[in-house]
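Have a look at the structure below before the remarks.
The values are calculated or read from the model by the stated rules, or taken from the named source; none is laboratory data. Not measured: the values here are computed from a predicted model. Heads up, the Cβs are rebuilt from the backbone with ideal geometry, glycines too, and the neighbour counts pull from every protein chain shown. Ligands, DNA and RNA are excluded from the accessible area calculation, which covers all protein heavy atoms including side chains. Shrake-Rupley method; radii C 1.70, N 1.55, O 1.52, S 1.80 Å.
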Amino acid sequence: MNPKISSVKALTFDVFGTVVDWRGSLIREGKQWGKTKGIQVDWPRFADAWRTGYRPILDRVRRGELPWMNLDRLHRMLLDPLLTEFGVVGVSEAEKDHFIRIWHRLKPWPDSVAGLRRLRKKFTLATLSNGNIALLTDMAKHARLPWDCILSAELAEHYKPDKETYQMAADLLALQPAEIMMVAAHPDDLRAAQSLGFKAAFVARPLEWGLSRTPGPTPGPGFDVAADDFRDLATKLGA
C-alpha cells in the first residue's frame with residue numbers, strides 16, 4: 001500500500017452513483033409503477049431529469065435561497081414539476097410518497113457489497129452523503145450495505161461540497177482529516193474533501209448515467225488511489 005495513505009483508519013463514501021446505481025433503480029421501479037398504473041413514460045429520460053435537478057436545488061439551499069431541507073423534501077419539490085412535464089396525472093399523495101422512497105431502495109452496483117465487506121475488515125466504513133439519515137438507513141437495510149455508521153449532510157445542515165460536511169465527519173469519527181479517505185466517483189467531491197486534508201480514492205462508475213452518455217469522469221492527477229471498482233479498491237488498500 002502507498003505509504004502516504006498508511007495513516008488512514010476510516011473510509012467515508014459518497015453513495016449516489018458511487019455505491020448504488022440510482023439510474024437503473026429509478027428506471028426499473030418506474031417501469032413497474034407505470035405498468036401498474038397503465039402509464040407510458042420515457043423512464044430513462046425521467047430518471048435523468050430527476051437527477052439533473054439535484055445539484056441546482058442543493059445549490060439553492062447552500063446559497064440560502066431555500067431554507068435547510070433534507071433530501072427527501074428536496075426530491076419531493078422536484079417531483080411535481082417532473083410529473084407535469086412528463087404528462088403523468090392522477091397521482092395520489094400516497095403514490096408520490098412511495099415514488100419518493102425509491103431513493104431509499106436503490107440497488108448497489110454488483111461489486112459494492114463484496115468490496116465493502118473486504119474493506120470493513122481493515123477500516124471503519126461510513127457514508128458521507130447528501131442523503132438524509134432515514135434514506136441512508138433504509139438503503140443500507142434494503143441493499144445490505146455493511147456500514148459501521150451513517151453520516152449525512154443532514155447532521156451538519158450543509159450539503160457537500162460545503163466544508164462543514166466533511167469537518168462534521170472528522171469530528172464525529174474523532175479522527176484527524178488525514179486519517180480519513182473519501183471514496184467517490186465524482187472528482188469535485190474528492191477535491192472538496194482533500195481541501196480539508198482528507199485522503200482521496202476515485203472509483204470509476206462509467207455506467208452511472210447509462211450507456212448513451214459519454215464515459216464518466218476520469219480520476220486525473222492528484223488523488224491518492226484510483227480504482228476500477230470496490231474490489232479493486234480493497235486490493236489497492238491491502239484489504
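Residues in the stretch 63-80 that are of a type in the set (Asp, Glu) and farther than 16 Å from ASP97 by Cα: 1 in all.
Does VAL41 meet the test of being in contact with a Gly (Cβ under 6 Å, 6 or more places away or on another chain), in a loop (DSSP other than H, G, I, E, B), without any contact (Cβ under 8 Å) to a residue 60 or more places away in the chain and surrounded by 14 or more Cβ atoms within 10 Å (Cβ to Cβ)?
Working: in contact with a Gly (Cβ under 6 Å, 6 or more places away or on another chain): yes; in a loop (DSSP other than H, G, I, E, B): yes; without any contact (Cβ under 8 Å) to a residue 60 or more places away in the chain: yes; surrounded by 14 or more Cβ atoms within 10 Å (Cβ to Cβ): yes.
For VAL41, the condition - in contact with a Gly (Cβ under 6 Å, 6 or more places away or on another chain), in a loop (DSSP other than H, G, I, E, B), without any contact (Cβ under 8 Å) to a residue 60 or more places away in the chain and surrounded by 14 or more Cβ atoms within 10 Å (Cβ to Cβ) - is met.
The lone criterion from (1) surrounded by fewer than 17 Cβ atoms within 10 Å (Cβ to Cβ); (2) part of a helix (DSSP H, G or I); (3) without any contact (Cβ under 8 Å) to a residue 40 or more places away in the chain; (4) of a type in the set (D, E, K, R) left unmet by ARG51 is number (1). Beta carbons closer than 6 Å, at least 6 apart along the sequence or on distinct chains, pair a first residue in the stretch 84-103 that is surrounded by 12 or more Cβ atoms within 10 Å (Cβ to Cβ) with a second that is acidic (Asp, Glu) for ILE102/GLU29. For the stretch 190-221, a residue qualifies if it is open to solvent by 40 Å² or more (accessible area, probe 1.4 Å) and at pLDDT below 90, and the qualifying residues are LEU211, SER212, ARG213, THR214, PRO215, PRO217, THR218, PRO219, GLY220, PRO221.
Considering only residues of the stretch 1-27 that are at pLDDT 95 or above and basic (Lys, Arg), which is surrounded by the most Cβ atoms within 10 Å (Cβ to Cβ)?
We begin by selecting, within the stretch 1-27, every residue at pLDDT 95 or above; these are 8-27.
Checking which are basic (Lys, Arg) leaves us with 9, 23.
Details: LYS9: 14, ARG23: 22.
Ranking the qualifying residues of the stretch 1-27, first place goes to ARG23.
Given the criterion touching a residue at least 60 places away in the same chain (Cβ under 8 Å) and over 13 Å from the mean Cα position of the chain (by Cα), identify the matching residue among MET168, MET181, MET139. Just one listed residue meets the conditions, MET181.
Could you tell me whether the stretch 114-128 includes any residue that is over 30 Å from GLY197 (Cα atoms), open to solvent by less than 40 Å² (accessible area, probe 1.4 Å) and modelled with pLDDT of 95 or more?
First, the residues of the stretch 114-128 that are over 30 Å from GLY197 (Cα atoms): none.
Among the residues of the stretch 114-128, not one is over 30 Å from GLY197 (Cα atoms), open to solvent by less than 40 Å² (accessible area, probe 1.4 Å) and modelled with pLDDT of 95 or more, which makes the answer no.
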